[in-house]
Amino acid sequence: MNKKIIIAIDGHSSCGKSTMAKQLAQKLGYIYIDSGAMYRVVTLVALRKGLIKNGVPYIPKVISELKNIKITFKWDEVLGKNTTFFNGENVEDEIRQLEVSQNVSPISTIAEVRAEMVKQQRENGNNKGIVMDGRDIGTVVFPNAELKIFMTASPKIRAQRRFLELSEKGESVDFDEILQNVESRDKIDSTRAVSPLKKADDALILDNSNLTRTDQLKWTIEKAEEIINTK
Ligand code: DC
């Protein structure tokens, strides 16, 4: 039997990392972990408890909330998608709302938040056979991952995709606001002091500005199979 590997998919926000990571995991029979969802849950809790004022989190309180946050994922058979739970409550839809997106970057710059999330992420990777997407998976969480992919696309294309996704869910959204959110998240994610978003030296770049989902999945499966079959 083929040995199982760890696949790390990092890159900019809204470039389809999780869609591709999910499809890849399904194809290989691997577990999929959405690390961004974990930072979104912490942000949701901070918002609910009033710990973020004008985009600025009250860091000591956010840190002391961490011990009360248990994040789990379950595969929803009916919807055919991964669902995120906070202490057993299904928060999948709530963590995707614009208010969470607008506040998640500052939360993810808090070193203690990152340390706790990285710990939980590594626990999940103990048995390999995993696809995890995020910003620091190939650089920090699993620096020894056998396959690392760095995904990107132009900010405008990413904003268009997110606009469509939210409109289809019935949210009333403004394109310029979304574009601004994409650009400001890129900036915060890439310049923060702790685990900034950057390509691992040994990651393969996948710019999908002009690629279909099918093309990019095919490319990635080929790369994964090359490694799995030579193990
Ligand atoms: O992938 P996403 O848009 O759901 O991620 C939400 C935020 O979480 C994003 O602004 C950056 C942060 N994040 C991170 O800092 N590290 C990760 N491994 C995943 C996400």
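The values are calculated or read from the model by the stated rules, or taken from the named source; none is laboratory data. Quick caveat: nothing in here was measured; it's all calculated off a predicted structure. So basically every Cβ, Gly included, is an ideal-geometry build from the backbone, and we count neighbours across all protein chains shown.
Quickly run through the range 14-44 and pick out the residues that are farther than 28 Å from Glu65 by Cβ and free of Cβ contacts under 8 Å to residues at least 60 places away in the same chain. Break it down stepwise before answering.
Narrowing the range 14-44 to residues farther than 28 Å from Glu65 by Cβ: 15-16, 19-20, 22-30.
Correct list: Gln26 only.
Checking each residue of the range 107-115 against the condition of being part of a helix (DSSP H, G or I), surrounded by 20 or more Cβ atoms within 10 Å (Cβ to Cβ) and under 12 Å from the mean Cα position of the chain (by Cα) gives at least one match. As a summary of the residue check, Ile178 satisfies the conditions (1) surrounded by fewer than 17 Cβ atoms within 10 Å (Cβ to Cβ); (2) modelled with pLDDT under 95 except for the one numbered (1).
Exactly one residue out of Ser172, Ser184, Ser167 is assigned to a helix (DSSP H, G or I) and free of Cβ contacts under 8 Å to residues at least 12 places away in the same chain: that is Ser167. Within the range 60-67, is there a residue that is farther than 27 Å from Phe142 by Cα, in contact (Cβ under 8 Å) with a residue 24 or more places away in the chain and surrounded by 19 or more Cβ atoms within 10 Å (Cβ to Cβ)? Checked the range 60-67: no residue is farther than 27 Å from Phe142 by Cα, in contact (Cβ under 8 Å) with a residue 24 or more places away in the chain and surrounded by 19 or more Cβ atoms within 10 Å (Cβ to Cβ). The single residue among Glu92, Glu77 that is of a type in the set (Asp, Glu) and within 16 Å of the ligand (Cβ to nearest atom) turns out to be Glu92. Annotation: of all residues in the range 184-230 being in contact with a strand residue (DSSP E or B) (Cβ under 6 Å, 6 or more places away or on another chain) and within 16 Å of the ligand (Cβ to nearest atom), the one that is nearest to Ser14 (Cα to Cα) is Leu206. Tell me, please, whether a residue that is of a type in the set (Gly, Ala, Ser), at pLDDT below 95 and loosely packed, with under 15 Cβ neighbours inside 10 Å can be found in the range 155-169. Among the residues of the range 155-169, at least one is of a type in the set (Gly, Ala, Ser), at pLDDT below 95 and loosely packed, with under 15 Cβ neighbours inside 10 Å, which makes the answer yes.
What number of residues within the range 124-145 are of a type in the set (D, E, K, R), buried (at least 17 other Cβ atoms within 10 Å of the Cβ) and in a loop (DSSP other than H, G, I, E, B)? Even if it seems obvious, please write down each step before you answer.
Applying the first criterion (of a type in the set (D, E, K, R)) to the range 124-145 yields 128, 133, 135-136.
Checking the rest, the ones that are also buried (at least 17 other Cβ atoms within 10 Å of the Cβ) come to 133, 135-136.
Checking which are in a loop (DSSP other than H, G, I, E, B) leaves us with 135-136.
Number of matching residues: 2.
Take the residues in the range 26-44 that are within 14 Å of the ligand (Cβ to nearest atom) and among the β-branched types (Val, Ile, Thr); name whichever of them is farthest from Val118 (Cα to Cα).
At the first step, the residues of the range 26-44 found to be within 14 Å of the ligand (Cβ to nearest atom) are 32-44.
Checking which are among the β-branched types (Val, Ile, Thr) leaves us with 33, 41-43.
On the way: Ile33: 12, Val41: 14, Val42: 13, Thr43: 16 Å.
Once the filter is applied, the top-ranked residue is Thr43.
Of everything in the range 1-25 that is over 23 Å from Arg158 (Cα atoms) and at pLDDT below 90, the residue that is farthest from the ligand (Cβ to nearest atom) is Met1.
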